[in-house]
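The values are calculated or read from the model by the stated rules, or taken from the named source; none is laboratory data. Treat the numbers as computed from the prediction; the structure is a model and nothing was measured. Glycine also receives a Cβ, built like all others from the backbone with ideal geometry; neighbour counts cover every protein chain displayed.
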């Protein structure tokens, strides 16, 4: 078995192939199929899987794709009916994530695709805690398996990989959980999915593809604590404003139960966080994780992969990819997946462990870079201060100066019951005198007051330009040109009542908000508060002549009718049903500022 490795020229790289391009000849053109195989779990419940294997005698390593999504739209038949669709196709469908069966089987792997109990054709009842563990051990004992099992698949399929890795099944040799969910809590947790405690509709939108067994009848009573939380949620005017959300809530968990529980209990759980922290060290299986910069839209993947990479001690790699969602059915990065599993399951020298452990795609530069850690060790943490006239400047205000006392900037946001206009404040640097590489996590310190008891802070980092203008008093030069190109890079969110941080867990570039029910505090109207806002990590080269831009808003909107959006995986947030006046302070006593991870050119 001979593998080939090729390298792309530096001037022509693809965000979908981090290189080097690794492959082996496809030696097994025919696929044997065992469909709807019922596999017994330790308690007698049967789960349903499809097995695709080389149509030849012999034993092969197996790659398991296991998730709550319907196995019926995974596999080679779906890929034939729906060729891979780019993110801008109206037929792009997120949950088609189990991987390219034809690719894996032709290169000598068995591809097993299944769902846990209570999903699709799998039986229901009991706990699914050990389903993936038991399935891995069943696979290893089959006559077509050589005893080596790896895992593939992204998103929900990635979450299952990390969850079962904690349980250490003996025959699990390697995992590749790209676009995995968050790291704190079972299969993701609250904080990575809802940074800042601001609730969005991603799980509602993707819930339309759910295959979870549900029994519907007239809504009945819930357990007393949940019934109380449900009654509180039903009286929440911010929920009532969205009829599709309120409709789901009224059904008391019979429709889209995972999202129902987010609505009635939108808080983090300290016990779940502590449990996760204790379990990180239990992951001993080699792990290759990552996400794309597109992951900032639904948070959980981009936040989660960084947390996993930092916390686990197993052999590990991290890949942070380009800004476009991966094509569906999922087939991207399979060269890299093959390199990883060929090394750990087949014992081939693929070179995958000889490289630096981090690969990241730099937007604006459109090339891959490598690093020894994340955040990068050479990072120069750089503050840009919010200034008067909506400027973003590199210097703080001097003491005992004419500028140390400044009036706040103000914007007023009406709710979506009254307007489609999203108000904002915009802060920008001058055109940059040279290229500036920003790569890593970001934080915004904001001093602000509001005239209500809560709001959502939504902050947006953009790359504007190029701008060749010169601002002066002359006619035609007094304003920044209105037609500058804008490219959104990343965002951050914080519900004002969730402003409390944990100083032991926080870092200057990654504030840790408690997000628990006990820690939530309504805002005193008119009082100036300090808000530490996590802005999700990114990597972008701001070119000479461009501007670094920060927009501050409090609302985003659905882009379609009755809660639908024109892009399945770009969720909007539940915002305030009240008109809110926001005041942003940037004087010497209250120096609002952005903390950026600037990478020096020498690196």
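Among the candidates 211, 271, which residue alone is more than 30 Å from residue 330 (Cβ to Cβ) and not assigned by TED's automatic domain parsing to the domain that holds residue 122?
So the residue among 211, 271 that is more than 30 Å from residue 330 (Cβ to Cβ) and not assigned by TED's automatic domain parsing to the domain that holds residue 122 is 271.
May I ask you to say which residue of 527, 507 is in the same structural domain as residue 427 (by TED's automatic domain parsing), more than 22 Å from residue 310 (Cα to Cα) and surrounded by fewer than 15 Cβ atoms within 10 Å (Cβ to Cβ)?
The conditions single out 527.
When you scan the stretch 165-176, do you find a residue that is assigned to a helix (DSSP H, G or I), crowded, with 23+ Cβ neighbours inside 10 Å and either in contact with a helix residue (DSSP H, G or I) (Cβ under 8 Å, 6 or more places away or on another chain) or at negative phi (or both), even just one?
So far as the stretch 165-176 goes, yes, one or more of its residues are assigned to a helix (DSSP H, G or I), crowded, with 23+ Cβ neighbours inside 10 Å and either in contact with a helix residue (DSSP H, G or I) (Cβ under 8 Å, 6 or more places away or on another chain) or at negative phi (or both).
Only residues that are touching a residue at least 60 places away in the same chain (Cβ under 8 Å), in contact with a helix residue (DSSP H, G or I) (Cβ under 7 Å, 6 or more places away or on another chain), assigned to a loop (DSSP other than H, G, I, E, B) and more than 14 Å from residue 262 (Cα to Cα): list them for the stretch 197-244, please.
Matches in the stretch 197-244: 242 only.
Determine, yes or no, whether residue 353 is out of contact with any strand residue (DSSP E or B) (no Cβ under 6 Å at 6 or more places or on another chain), assigned to a loop (DSSP other than H, G, I, E, B) and free of Cβ contacts under 8 Å to residues at least 60 places away in the same chain.
Spelling it out, residue 353 is indeed out of contact with any strand residue (DSSP E or B) (no Cβ under 6 Å at 6 or more places or on another chain), assigned to a loop (DSSP other than H, G, I, E, B) and free of Cβ contacts under 8 Å to residues at least 60 places away in the same chain.
Got a sec? Which of 544, 522 is assigned to a loop (DSSP other than H, G, I, E, B), at pLDDT 95 or above and more than 17 Å from residue 494 (Cβ to Cβ)?
When all the criteria are applied, what remains is 544.
For residue 533, are the conditions met, namely being more than 21 Å from the chain's Cα centre (by Cα) and either surrounded by fewer than 15 Cβ atoms within 10 Å (Cβ to Cβ) or part of a strand (DSSP E or B) (or both)?
No; evaluated as a whole, the condition is false for this residue.
Tell me, please, whether a residue that is surrounded by fewer than 24 Cβ atoms within 10 Å (Cβ to Cβ), touching a helix residue (DSSP H, G or I) at 6+ places or on another chain (Cβ under 8 Å) and in a strand (DSSP E or B) can be found in the stretch 146-160.
Taking every residue of the stretch 146-160 in turn, at least one turns out to be surrounded by fewer than 24 Cβ atoms within 10 Å (Cβ to Cβ), touching a helix residue (DSSP H, G or I) at 6+ places or on another chain (Cβ under 8 Å) and in a strand (DSSP E or B).
Quick check on the stretch 185-196: of everything there that is in a loop (DSSP other than H, G, I, E, B) and within 13 Å of the chain's Cα centre (by Cα), which residue is modelled with the lowest pLDDT?
189
Just a yes or no: is a residue in the stretch 20-38 at positive phi, at pLDDT 95 or above and over 29 Å from the mean Cα position of the chain (by Cα)?
Among the residues of the stretch 20-38, at least one is at positive phi, at pLDDT 95 or above and over 29 Å from the mean Cα position of the chain (by Cα), which makes the answer yes.
Do we find a residue being at pLDDT 95 or above, touching a helix residue (DSSP H, G or I) at 6+ places or on another chain (Cβ under 6 Å) and assigned to a loop (DSSP other than H, G, I, E, B) anywhere in the stretch 446-458?
yes
Please count how many residues of the stretch 283-299 are over 12 Å from the mean Cα position of the chain (by Cα) and not in a strand (DSSP E or B).
4
Cβ-Cβ below 6 Å, separation at least six or inter-chain, first residue in the stretch 496-507 and more than 18 Å from residue 267 (Cβ to Cβ), second at pLDDT 95 or above and part of a loop (DSSP other than H, G, I, E, B): which pairs?
Correct list of pairs: 506/512.
Quick one: in the stretch 246-276, of everything that is touching a strand residue (DSSP E or B) at 6+ places or on another chain (Cβ under 9 Å) and part of a helix (DSSP H, G or I), which residue is farthest from residue 165 (Cα to Cα)?
Within the stretch 246-276, the match that is farthest from residue 165 (Cα to Cα) is 257.
Report yes if residue 115 is touching a residue at least 40 places away in the same chain (Cβ under 8 Å), assigned by TED's automatic domain parsing to the domain that holds residue 51 and in contact with a helix residue (DSSP H, G or I) (Cβ under 8 Å, 6 or more places away or on another chain), otherwise no.
yes
Filter the stretch 325-363 down to the residues that are under 27 Å from residue 90 (Cα atoms) and touching a helix residue (DSSP H, G or I) at 6+ places or on another chain (Cβ under 6 Å), then identify the one that is surrounded by the most Cβ atoms within 10 Å (Cβ to Cβ).
329
Test residue 26 against the stated conditions and say whether it is in contact (Cβ under 8 Å) with a residue 60 or more places away in the chain and within 21 Å of residue 158 (Cβ to Cβ).
Judged against the criteria, residue 26 is not a match.
Out of 215, 236, report the one residue that is loosely packed, with under 15 Cβ neighbours inside 10 Å and out of contact with any strand residue (DSSP E or B) (no Cβ under 9 Å at 6 or more places or on another chain).
Only one candidate passes the filter, namely 215.
Test each condition in (1) touching a residue at least 40 places away in the same chain (Cβ under 8 Å); (2) crowded, with 22+ Cβ neighbours inside 10 Å for residue 312 and report the one that comes out false.
It fails just one condition, (1).
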